[in-house]
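Below is one structure, written out as structure tokens; comments come after it.
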Amino acid sequence: SRCLLIPKPGEADSFRPLGIGESWYRLLGRIVVASLGGVVGQQLMPLQLAVGIKGGVEIAGRLCQMMFDFNDDYAVGGMDIKNAFNSLRRGPVLDGVARYCPQLVRFFRCVYGRPGVLRNSKGDIVGESGSGGRQGGPLAALFYCCGLQQYLVVLKEIFDGLCGDRVHLLFSYADDIHVAGPTEACTAFLNSEIPQALQEAGINFVMRKFKLVGRSVGPSDRFMTSREGTSFLGAPCGSE
């Protein structure tokens, strides 16, 4: 794969690493996504909206606003996973592919069964990739979401326990995880410890990048809070 480092806006000396596969890999990936994306996406719903769901990102953005408007004592939270696509262990991803898209198990083993070689634009070898997926490849999101699904279930069980029988949602668009429900439950959830299972899978959160908005949200010294609004998935969420 050709290795590219794309600067992250507003973050000095911080880059988004992409490992873009050759044209044959990308062509095959696009065909596979067109064929299987919808089938996989139906299995991952309603926790995951990034695979095979037409307008999934718009749906996620709209859900945030609807839950903000649901009740004055409700809030919407957004969580940030550190280096998400490159950190999720390939073992859990393989488990997810075997469960939600078994047709691709042999292909996944072929592509990710050993470290991938990364080259620069001149063709020189600059390193290897032994964790996570090939960002920039058509199948990267599908593989990642299959691997993340079991951990979304874990997070949902924790959030369910905090919310009880009150209306609440936990959903994700790829690695952008959101919770919406009673303000005190959302606050407690964002402040809670990362479950051991997630840490072992390579999933770690960047709490300073968490966001919580709601009309009754209080201040926090751990993450951003607002009673007016913010942006989730590129869409505004909050008051007028």
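Structure values in brief
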| read-out | value |
| --- | --- |
| Tally of residues being open to solvent by less than 50 Å² (accessible area, probe 1.4 Å) and polar (S, T, N, Q) across region 193-230 | 5 |
| Qualifying residue in region 174-184 (condition: more than 17 Å from the chain's Cα centre (by Cα), among the hydroxyl-bearing types (S, T, Y) and buried (at least 19 other Cβ atoms within 10 Å of the Cβ)) | yes |
| Residue selected from region 1-38 under the condition out of contact with any strand residue (DSSP E or B) (no Cβ under 8 Å at 6 or more places or on another chain) and β-branched (V, I, T), by the criterion farthest from Y100 (Cα to Cα) | I31 |
| Pair list, Cβ < 9 Å and 6+ apart or interchain, from region 189-201 residues that are closer than 12 Å to L88 by Cβ to residues that are at pLDDT below 90 and surrounded by 12 or more Cβ atoms within 10 Å (Cβ to Cβ) | A201/S87 |
| Tally, over region 62-114, of residues that are touching a Gly at 6+ places or on another chain (Cβ under 7 Å) and farther than 21 Å from S129 by Cβ | 4 |
| Restricting region 99-151 to residues that are open to solvent by 70 Å² or more (accessible area, probe 1.4 Å) and among the basic types (K, R), the residue that is farthest from the chain's Cα centre (by Cα) | K122 |
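Let's see how each residue does on (1) among the hydrophobic types (A, V, I, L, M, F, W, C); (2) farther than 30 Å from T187 by Cα; (3) modelled with pLDDT of 95 or more:
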site: G19; (1), (2), (3): no, yes, no
site: E22; (1), (2), (3): no, yes, no
site: L28; (1), (2), (3): yes, yes, no
site: G38; (1), (2), (3): no, yes, no
site: S87; (1), (2), (3): no, no, no
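The values are calculated or read from the model by the stated rules, or taken from the named source; none is laboratory data. Worth saying up front: this structure is predicted, and the values here are computed from it rather than measured. Here Cβ is always computed from backbone atoms with ideal geometry, including for glycine, and neighbour counts include all displayed protein chains. Note: accessible area is taken over every heavy atom of the protein model, side chains too, but ligands, DNA and RNA are not part of it. Shrake-Rupley method; radii C 1.70, N 1.55, O 1.52, S 1.80 Å.
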